[in-house]
Amino acid sequence: MELIQRPRRLRGSDAVRRLCRETRMSPDSLIYPIFVDETLKGVRPIEALPGQNHYGLDSVHLAVEECLAAGVNHCILFGLPATKDAVGSSAWAEDEVVQQAIRSIKAKYPDFYVITDVCMCEYTDHGHCGILHGHEVDNDKTLEVLAKTALSHVQAGADMVAPSDMMDGRVAAIRAALDEHGYTGIPIMAYSAKYASAFYGPFRSAAGSAPSFGDRKGYQMDPHNGREALKECALDIEEGADIIMVKPALSYLDVIRACSEAYDVPMCAYQVSGEYAMIKATAAAGLIDEYRILCESAVSIFRAGANMLITYYAKELAEAIRKGDIG
């Protein structure tokens, strides 16, 4: 009898399928975004992101408690300040929203890992990611305020900083500022390949960070370009980035794959607000199985080469991993 290879032998039961999985996931690889609003008391649902909330400084610990209960031990913080100005000065002030949130979290949960988003768009009254010169963002002037912001987060107790602004040279500027003040052990997660994407809409509503004029195509990447992402990642690594990132995730799986294969540093992906909102809306319409889709989409990102994932579904994914449905 002719020998027949039968790959189906390794698909015949749940036990053997789990044994032979090529892609492995862990709750330790999940990062949950937390929005903290300086003007808020308590908790307020985010209309643009069903199932997500704004937290006040008095309630941010509740978000952490939910993460820990689900087995998620990492967050990334986004701040909504009470006041904004042209240079985003509330981004680096010692007693501003992110700095206070870090101290609040660390006072109750010192081992919970806090990453902070470093950008100016939530703090400037024009909504762009840096200091303006006319109607253009001045790259080099912005570097100084990004470095001050990152330093202030670390001084407040942040475990890692994640610059998302896409200014040239910002990783080097932040690394220099941290090292100068003795924070040589603080890692930098660089939003290295951040595309000028339409998938950011719900986040901009949630964070109050939409630009008041124009767009961000002058500093975020053109979605047509893949090889450029390799260049951006290489530059960030040369400047001292410890982790690189591709954002968004699902429409850029090819970029995740290319960058993860090219560079021997950890790769993060960000499953952004528009990706989350589309799953939520389609599930609410009764057209898909939300649980299966959120699991399958996350697996695809890790299969493409991501080592970690920022996602609004972090808690649900941690439970899916615990149950053995994925991971």
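Of note:
- Rounded to 5, the percent of DSSP beta bridges in the chain classed as antiparallel: 15
- Length-normalised contact order for the stretch 168-327 - Cα pairs under 8 Å, 6+ apart - percent: 24
- By accessible area, using a 1.4 Å probe on protein heavy atoms only, the chain has 51% of its surface on carbon and sulfur.
- For the chain, the residue among 321, 154, 113 whose Cα projects farthest onto the positive side of the dipole built from Cβ charges is 321.
- Plainly put, the chain has a radius of gyration that is 0.99 times its Kirkwood radius, both from alpha-carbon atoms, as the Rg/Rh ratio.
- 0 to 90° range, to nearest 10: angle between helix 273-284 axis and the chain longest Cα axis: 50
- Accessible area per residue in Å² at 1.4 Å probe, computed on the chain: 44
- The chain, relative contact order [Cα under 8 Å, separation at least 6], %: 19
- Highest average packing first - 194-200, 66-72, 240-246, Cβ atoms within 10 Å: 240-246, 194-200, 66-72
- Full extension of the chain between residue 108 and residue 24 yields a length gain of 27.1 nm, computed as 0.36 nm times the residue separation minus the alpha carbon distance.
- 222 nm mean residue ellipticity, helices alone, for the chain (DSSP H n ≥ 4; -39,500 (n - 2.57); rounded to 500): -11500 deg cm²/dmol
- Convex hull volume of the Cα atoms of the stretch 186-315, normalised per residue: 130 Å³.
- For the chain, the dipole from Cβ point charges (+1 on Lys and Arg, -1 on Asp and Glu) about the Cα centre works out to 1400 debye, to the nearest 20.
- Whole-number D in µm²/s for the stretch 74-116 (Stokes-Einstein; Kirkwood sum over Cα pairs; 4 °C, 1.567 mPa s): 117
- Inter-site label distance for residue 69 and residue 281 at 7 Å from Cα along Cβ, in nm: 3.0
- Rounded to the nearest 5, the antiparallel percentage of DSSP beta bridges internal to the stretch 187-299 is 0%.
- Whichever lysines have a C-alpha closer than 22 Å to that of residue 108, once near sequence neighbours (fewer than 8 apart) are set aside: 41, 315
- Those lysines that a straight Cα-Cα span of less than 18 Å connects to residue 148, excepting residues fewer than 8 apart in one chain: 84
- Paramagnetic label reach from residue 228 (point 7 Å along Cα→Cβ; backbone nitrogen cut-off under 19 Å): within the stretch 123-142, residues 129-130, 136-140.
- Tilt relative to the chain, helix 60-70 - C-alpha long axis, 0 to 90 degrees, to 10: 20
- For residue 114, the solvent-accessible surface with a 1.4 Å probe is about 0 Å², rounded to the nearest 10.
- Think of the chain as having a plus end and a minus end, set by charges on the Cβ of Lys, Arg, Asp and Glu; of 90, 131, 248, 248 sits farthest toward the positive end of this dipole.
- Between the C-alpha center of the stretch 36-76 and that of the stretch 194-234 there is a gap of 25 Å.
- Antiparallel DSSP beta bridges within the stretch 52-164, percent to nearest 5: 20
- Gyration tensor (alpha-carbon) shape descriptor, the stretch 177-249, a/c threshold 1.5: oblate
- Point-charge dipole on Cβ atoms (K/R +1, D/E -1) for the stretch 77-193, about Cα centre, debye to 20: 340
- Cα-based Rg of the stretch 12-112 normalised by 2.2 N^0.38 Å, two decimals: 1.38
- Order by protection proxy (mean Cβ within 10 Å, highest first), peptides 118-127, 271-280, 99-108: 118-127, 271-280, 99-108
- Ordering 102, 60, 75 by Cα displacement along the dipole of the stretch 1-112 toward the positive end leaves 75 in first place; charges were set at the Cβ atoms of Lys, Arg (+1) and Asp, Glu (-1).
- Partner aspartates and glutamates for residue 217 [C-alpha distance under 13 Å; skip if fewer than 8 residues away on the same chain]: 136, 165
- Once the Cα atoms are used to define both axes, helix 170-180 deviates from the longest principal axis of the chain by about 70 degrees.
The values are calculated or read from the model by the stated rules, or taken from the named source; none is laboratory data. In this text the structure is predicted, and so the values were computed from the model without any measurement. Because the Cβ atoms are built from the backbone with ideal geometry, glycine has one as well, and the counts that use them run over all protein chains shown. Quick note on the areas: whole protein, heavy atoms, side chains included, nothing else; ligands and nucleic acids left out. Shrake-Rupley method; radii C 1.70, N 1.55, O 1.52, S 1.80 Å.
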